[in-house]
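Rule-based calculations on the coordinates, nothing more; no lab input. These numbers were taken from a predicted model, which means no experiment stands behind them. Cβ sites come from the backbone with ideal geometry, for glycine too, and all protein chains shown count toward neighbours.
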Protein chains: 2
Amino acid sequence: MTGSLIAIGIVALAGVCCAAAPADSDGTPAPTNVPGRQYPRIAADLRVTFRVKAPEAQKVQLAPRGNDNGLGAGPFDMQRGPDGTWSVTTPPVRPGFHYYELIIDGFRCNDPNSATFFGWGQHTSGIEVPDPAADFSAAKDVPHGEIRTMWYRSTVTGQLRRAIIYTPPDYDRDAQKRYPVLYLQHGAGESELAWSMQGRLNFIMDNLLADGRALPMLVVMDNGYATPVAAAADRIANAEAFGEVVARDLIPAVDARYRTVANRDGRAIAGLSMGAMQALRVALKHPHLFSAIGWFSGIERNFDPAASHGGAFADATAFNARWRLLFVARGRHESPDGRVDFHEKLQQAGVRHVWFECDGAHEWRVWRRHLHEMAPLLFR
Amino acid sequence: MTGSLIAIGIVALAGVCCAAAPADSDGTPAPTNVPGRQYPRIAADLRVTFRVKAPEAQKVQLAPRGNDNGLGAGPFDMQRGPDGTWSVTTPPVRPGFHYYELIIDGFRCNDPNSATFFGWGQHTSGIEVPDPAADFSAAKDVPHGEIRTMWYRSTVTGQLRRAIIYTPPDYDRDAQKRYPVLYLQHGAGESELAWSMQGRLNFIMDNLLADGRALPMLVVMDNGYATPVAAAADRIANAEAFGEVVARDLIPAVDARYRTVANRDGRAIAGLSMGAMQALRVALKHPHLFSAIGWFSGIERNFDPAASHGGAFADATAFNARWRLLFVARGRHESPDGRVDFHEKLQQAGVRHVWFECDGAHEWRVWRRHLHEMAPLLFR
């Protein structure tokens, strides 16, 4: 944005900055690369090569984030080349979306070659490794819905908050039609942007709708973090603040501004990981607001159908009559603790639910699949 | 997103991650800080302190991006403390939005404490230094419009593209009302997200509308980079590709999906820096599509009213009859070359235009002000 950058802007950057880098024998630039960057590159066998230039650094590493990252365990030492570039090629990786960092002389930072995504509590590098088996989340030539940003005032936090809203492709075509709403939450350290960025929520929904597999619905994504305003008339515990935001502020704002089915039969709430636990908690506390629950890779340790969640599951007959859907899902490579046993205890107690497992660990590949499986079951 | 992170998620992160950090004698965390991060901190006299932990690094610097950055010239050497934190406090800075990097042992990377913004051709750290004189761009308790993301297929590039669209607060209230459209472009190295992120476009428009100072309008922001598909039936030059995207693909998509005033009287095009030059070029090439032009901090070197732009300015009377508004603006601390002389030559040639200058250099503070001044003049 200096003078010289402006001067070359139209001519040079239009060519340099955005030309798709060609595939070659070393692979193809990842779709999450900054336009024009050649690395990271994904080979046909899913080895990934990372490369950065740091001539003055003493040690450079690649650090996949988390205990079971699809890029591998790491950190991987990168090797210095004669020109000061540092490179590493991983063993074949799992497809899907993976967070990672570089470590430059001990300092953890982003890879300037990749897009950043809000995860791990900050703006973190991410890489998408295309998955031939995940065609359901690809951007196809089907009608596309929109992602909208809605600002609303929260009485619970006293702040202006931002919700992200998916509207289906036909939303603006018929001004009379009303739509059910799925409230959909991110995981710990992420934000309201996660499902539309890391999650490819809009493309998953577009494809389901194009195939006639799901009913048209709105999807509302809010930030799962909320701090109650100190001076609130009724004291709200920190752990309850998000649910109260949803019940008191978010749902009324959405129902006021969008053509919703504004009753419990027209509302579901789901989430992943921390968001799964929030979805379950909020739904059970506000059963008059929601009729369906989605629980993707949460944890319910020491679950007791008779006592947990204030006894909400104690009377299976009553629970089954009240809830139209309880969708419980995990990745097969996640720990079974608090997941498989949660499902089994529900089953033993006669609590009706859909149990779904798919390949993958605690990662977005799994949660995209969970959404894809659950959405067709909603609002039937 | 590990198990332990999940476990602490609801309880701890709700408190730790999102509590507003308190102001103290060393200042206040910048609004662009990642939630919970104490640095960068802005003091009352607008000195800014940056701090990161890098115990193993040999040298750490703060590097404001660009020749006339509001944070100062830099790079500033950061000083190592006994615990391995590195800090620097700048002299008083200019208010507004500034891009910057850290340099860790020669490696340029982002500050993990700050949000990233797409600028300088990659995801770059940014800091917002609140400007008491820029109340016009603050998020106030007025009705808020939405920011929408629209995907559309481009025949020019052969790709799916993403446009960002501001809809005014009343857009969904009256299904019959139609709206004029401002097409608004970012600068070199930025993206279609820049005006809604760095530019605070939605809050500027919300405030103007609440004050009754501008007419309700849509604002469409697209990516200024476009590479023509090689196999296009008619060869499109690289430098013409963006304009052809606008004319052939973007405008038809917007007019098909939104309730627009779908004629030249209902369309304006503006941009900043590289986007200013694109706006002028596209408008003059397609005068049947637009009736108004906004030029924020572009460069028109060696401008000749008789010959430049194919003689579009040669007949001032015809130009003045054709164009409802030509808004030409710069920051007073930018180079006058290709800016002040462009205005003076227009004036000498009798080409009617609005000339506007405000404090600031080649930076977002200036372009927010330009939009705020131009928008009330549009579609009158």
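Cross-linked pairs A:LYS177/B:LYS177; B:LYS285/B:LYS345; A:LYS177/A:LYS345; A:LYS140/B:LYS285; A:LYS285/A:LYS345: Cα-Cα separations exceed 29 Å for A:LYS177/A:LYS345; A:LYS140/B:LYS285.
With a 10 Å cut-off around each Cβ of B:98-107, the average count of Cβ atoms from other chains is 5. Estimated from the Cβ-Cβ distance and a Förster radius of 25 angstrom, the FRET efficiency linking A:ASP135 and A:ALA73 is about 0.30. Take each residue of peptide A:162-169, count the partner chain Cβ atoms within 10 Å of its Cβ, and average: the result is 1.
Look at where the Cα atoms of the range B:249-316 and of the range A:49-111 average out, and the two centres are 45 Å apart. Between the Cα long axis of helix B:274-285 and the first principal axis of chain B there is an angle of about 10°, rounded to the nearest 10.
How much length would be gained if the chain were fully extended between A:LYS177 and A:ASP255, taking 0.36 nm per residue of separation minus their Cα-Cα distance, in nm to one decimal?
26.7 nm
What ranking of B:PHE296, A:PHE107 emerges when the number of other C-beta atoms within 10 Å of each C-beta is taken as an exposure proxy, fewest first? Working shown, then result.
Details: B:PHE296 28, A:PHE107 24.
If I rank by nearby Cβ atoms, fewest first, I get A:PHE107, B:PHE296.
Here the range A:28-130 is assigned +1 on the Cβ of each Lys and Arg and -1 on the Cβ of each Asp and Glu. Its dipole about the Cα centre then comes out at about 100 debye.
Suppose every K and R has +1 on its Cβ and every D and E has -1 on its Cβ; what is the size of the dipole of the range B:136-377 about the Cα centre, in Debye to the nearest 20?
Using Cβ point charges on Lys, Arg, Asp and Glu, the range B:136-377 gives about 420 debye.
Using only the Cα atoms of the range A:245-380, build the gyration tensor, take square roots of its eigenvalues as a ≥ b ≥ c, and label the shape rounded, prolate or oblate: rounded if a/c is under 1.5, else prolate if a/b is larger than b/c, else oblate. Oblate, since a/c reaches 1.5 and b/c is not below a/b. Antiparallel versus total DSSP beta bridges in the protein assembly as shown: what percent is that, nearest 5? Antiparallel: roughly 65 percent of the beta bridges in the protein assembly as shown.
Put in order of Cβ neighbour count within 10 Å, fewest first, the listed residues B:ILE299, A:ILE104 become B:ILE299, A:ILE104. First check a/c for the range A:28-130, with a ≥ b ≥ c the square roots of the eigenvalues of its C-alpha gyration tensor; if it is under 1.5, answer rounded, and if not, answer prolate when a/b is larger than b/c or oblate otherwise. Rounded. Peptides B:210-217, A:190-197 ranked from most to least packed, by the mean per-residue count of other Cβ atoms within 10 Å: A:190-197, B:210-217. Taking every residue in A:181-188 and counting other chain Cβ atoms within 10 Å of its Cβ, the average works out to 2.
Once both labels are modelled 7 Å past Cα along the beta-carbon direction, what's the A:ARG380-B:VAL142 spacing in nm? Each label point is offset 7 Å from its Cα along the Cβ direction, giving 4.8 nm.
Write down Rg/Rh for the protein assembly as shown, rounded to two decimals, with Rg from the C-alpha atoms and Rh from the Kirkwood relation over Cα pairs. It would help to have the intermediate numbers written out before the result.
Details: Rg = 26.3 Å, Rh = 27.3 Å.
Result: Rg/Rh = 0.96.
Using a Förster distance of 22 Å, how high is the FRET efficiency between B:ARG235 and B:HIS288, based on the Cβ-Cβ distance and rounded to 0.05? Plugging the Cβ-Cβ distance into 1/(1 + (r/R0)^6) gives 0.50.
Put a dot 7 Å past the Cα of A:ASP83, heading toward its Cβ, do the same for B:ALA262, and the two dots end up 5.1 nm apart. Here the label points at B:TRP355 and B:ALA210, each 7 Å from Cα along the C-beta direction, are separated by 3.5 nm in the simple model. Averaging Cα coordinates gives a centre for the range A:192-229 and one for the range B:118-150; these two points are 24 Å apart.
Each residue in B:ASP105, B:ASP359 was given a count of other beta-carbon atoms within 10 angstrom of its own, and listing them fewest first yields B:ASP359, B:ASP105.
The charge dipole of the protein assembly as shown, taken about the Cα centre with unit charges on the Cβ atoms of Lys, Arg (+1) and Asp, Glu (-1), comes to about 1220 debye, rounded to the nearest 20. When Rg and the Kirkwood radius Rh are both evaluated on Cα atoms of chain B, their ratio Rg/Rh stands at 1.00. When the range A:49-179 is described by a simple charge dipole with +1 on each Lys and Arg Cβ and -1 on each Asp and Glu Cβ, the residue from A:THR89, A:VAL156, A:ALA134 located farthest towards its positive end is A:VAL156.
Charges on Cβ only, +1 for Lys and Arg, -1 for Asp and Glu, centred on the Cα centroid of the range A:136-377; of A:GLN278, A:TRP364, A:VAL181, which one is farthest towards the dipole's positive end? Going by the Cα projections, it comes out as A:VAL181.
Only helices enter this figure: runs of n ≥ 4 DSSP H residues, each worth -39500 (n - 2.57), summed and divided by the residues of chain B, yield -5500 deg cm²/dmol at 222 nm to the nearest 500.
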